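Below: the structure, in structure tokens.
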Amino acid sequence: MTDQSATTGVTDRPSDGDVAGTAARSAERIREHLDGAVPATPCLVMDLTAVRERYAELRAALPDARICYAVKANPMPEVVAALVELGSSFDVASPGEIDLCLEQGADPAAISYGNTIKKRADIARAHAQGVRLFATDSEADLTAIAEAAPGASVFCRVLVANDGSRTPFGRKFGCTPETAVRLLGRAAELGLDACGVSFHIGSQQHDAAAWEHGIAAAHRVFRGAAEHGVRPRLVNLGGGLPAHYTDAAPPLTDYARRIEQALDREFGADRPELLVEPGRRLVGDAGVLRSEVVLVSPDSDGERRWVYLDVGRYNGLAETEGEAITYRLRTSRDGDPVGPVVLAGPTCDGDDVIYQRTRYELPLTLRAGDTVDLLSAGAYTASYASVGFNGFPPLPTRCIDGHERP
Ligand SMILES: Cc1ncc(COP(=O)(O)O)c(C=O)c1O
């Protein structure tokens, strides 16, 4: 990244209007709140208005799809409650996330247990709570579902390429389409409702065409299953829709168009039910993480300064590993002349470096006590923070709503 404006201020990129607009308005509302409230740092502030805007945009872009918010992206109760109010469903991965959704008023029928890795006891608990939809990708998990959640609906996750994703999944989840056909057949034999196929094309996916592979794979599974008398009806499009970091992604309309085209091409008039599991898309741009500069010191190369923040890899910025996610920054000294920096976290750990390969330039006047805001930091920050590595507590969070003022 070389564009100086992208490193030091809020950037509204015309090519990415929908994303930039929401992100910029939300960042401004949160700045007003932070400037009045002056909370201890680091601190993540979520703007519920932006979450609602994002939900409405997605509703409009994919009007037929059931939206299941992926709770892991940001499990703040206020965020979940706001989405319950809007009629959202929820993608959960654990008993804790199920309890959270139910406590915030979600209907158990609106919960999809999307983790393919789960204990039998947790499946039974979810079933007793009324959860009826489960993901699977293995015989052992399927058997556990059949025993602990008799009669439940299951969809099978297929493994698809994650090219274009800033944070790909690797090979941890999903099976081949051939295995999915076999598992759905087995599900039917076990008395389960073999309802569909899911895939995840990798988070922060910048290639709007990526869903085409998943939809084609899902169609192969539908065809193969039908040959065995099993008729799945649901395609779960997973997550992957982007937030607004330093490198702009295509607008949401591009993703929706490519998805629609692929559905038409593969399924034609036999259109399946759709489900989508946005995490980052709904909450990423709704959050600002305020941090404080702890120390500024010159590098031994004499060219760059090290800027140490009170937030780092272990208390909120896990997604900067490999510099995969590059947040836009705003400082209390924006407008002053800038120079290159390495950004690092506060712990006594050599890996707690935020950006050293990615070129960031920050004001030369920056010093201890100044603030650095990480914009569009609402997803996978607080939820990824460690319990307290090195004595640094998990990231405190708060919400603002509507016209609330500090
Ligand atoms: C099963 C599943 N669905 C949805 C998501 C959300 O993905 P994203 O935040 O890219 O929308 C994830 C994220 O890890 C996931 O594991």
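Whenever you get a sec, line up Lys118, Lys72 from highest to lowest accessible area (probe 1.4 Å, protein heavy atoms).
Descending accessible area places them as Lys72, Lys118.
As I understand it, the dipole of the chain uses +1 on the Cβ of Lys and Arg and -1 on the Cβ of Asp and Glu, about the Cα centre. Which of Leu48, Ala286, Ala82 lies farthest toward its positive end?
Result: Ala82.
Based solely on C-alpha atoms, express the radius of gyration and the Dmax of region 49-283 in angstrom.
When restricted to the Cα atoms of region 49-283, Rg and Dmax are 16.6, 49 Å.
Helix 139-148 versus the longest principal axis of the chain: what is the Cα-based angle in degrees, 0 to 90, to the nearest 10?
80
Restricting to Cα pairs below 8 Å that are 6+ residues apart, what does the relative contact order work out to for region 49-283? Please round to a whole percent. Please list the in-between numbers first.
On the way: 479 pairs, mean separation 48.6, N = 235.
This gives 21 percent for region 49-283.
FRET efficiency for Asp264 and Arg223, Cβ-Cβ distance as r, R0 = 22 Å, nearest 0.05?
That pair, Asp264 with Arg223, gives E of 0.85.
Just to confirm, what accessible area per residue do you get for the chain at 1.4 Å probe, in whole Å²?
For the chain, the solvent-accessible area averages 39 Å² per residue.
Only four residue types carry charge here, +1 at the Cβ of Lys and Arg and -1 at the Cβ of Asp and Glu. Report the dipole size of region 49-283 about the Cα centre in Debye, rounded to the nearest 20.
Rounded to the nearest 20 debye, it is 260 debye.
What is the projected area of the convex hull of the Cα atoms of the chain, averaged over all directions, in nm²?
The orientation-averaged projected area of the Cα hull of the chain comes to 19.4 nm².
Between Glu178 and Asp351, 0.36 nm times their residue separation minus their Cα-Cα distance comes to what? Write out the running numbers ahead of the final one.
On the way: separation 173, 0.36 × 173 = 62.28 nm, distance 4.08 nm.
Taking Glu178 through Asp351 to full extension adds about 58.2 nm, to one decimal.
Quick check: the angle from helix 77-86's long axis to the longest principal axis of the chain, C-alpha only, nearest 10 degrees?
Its long axis makes an angle of about 50 degrees.
In degrees between 0 and 90, to the nearest 10, how far off the longest principal axis of the chain does helix 210-227 point, with axes built from Cα atoms?
10
Residue by residue through region 356-368, what is 3J(HN,Hα) from phi via Karplus (6.51 cos²θ - 1.76 cosθ + 1.60, θ = phi - 60°)? Round to whole Hz and write x for glycine and proline.
Those phi angles translate into 10, 8, 6, 7, 10, 10, 10, x, 5, 7, 4, 8, 3 Hz.
In nm², what is the average projected area of the convex hull enclosing the Cα atoms of region 87-215?
Approximately 7.9 nm², given one-decimal rounding.
With +1 assigned to the C-beta of every Lys and Arg and -1 to the C-beta of every Asp and Glu, and no other charges, what is the dipole magnitude of the chain about the Cα centre in debye, to the nearest 20?
In debye, rounded to 20, the chain gives about 640.
Note down the relative contact order for region 321-378 as a percent, whole number, built from C-alpha pairs under 8 angstrom at least six residues apart.
48
Could you identify which residue out of Ala209, Ala70, Ala243 has the top mean-square fluctuation in a GNM of the chain using Cα springs shorter than 10 Å?
Of Ala209, Ala70, Ala243, the Gaussian network model singles out Ala209 as fluctuating most.
Along the Cα-to-Cβ line of Ala56, 7 Å from the Cα, sits a label point; which residues in region 250-269 have backbone N less than 18 Å from it?
Only 252-253 fall inside the zone, counting backbone N under 18 Å.
Okay, helix-only estimate at 222 nm for the chain: each DSSP H run of n ≥ 4 adds -39500 (n - 2.57), divide by all residues, round to 500 deg cm²/dmol; what do you get? Before the final figure, lay out each step's value.
Details: 11 runs with 129 residues, N = 406.
So the helix-based figure for the chain works out to -10000 deg cm²/dmol.
The values are calculated or read from the model by the stated rules, or taken from the named source; none is laboratory data. Keep in mind it's a predicted model, so treat the numbers as computed, not measured. Cβ sites come from the backbone with ideal geometry, for glycine too, and all protein chains shown count toward neighbours. Note: accessible area is taken over every heavy atom of the protein model, side chains too, but ligands, DNA and RNA are not part of it. Shrake-Rupley method; radii C 1.70, N 1.55, O 1.52, S 1.80 Å.
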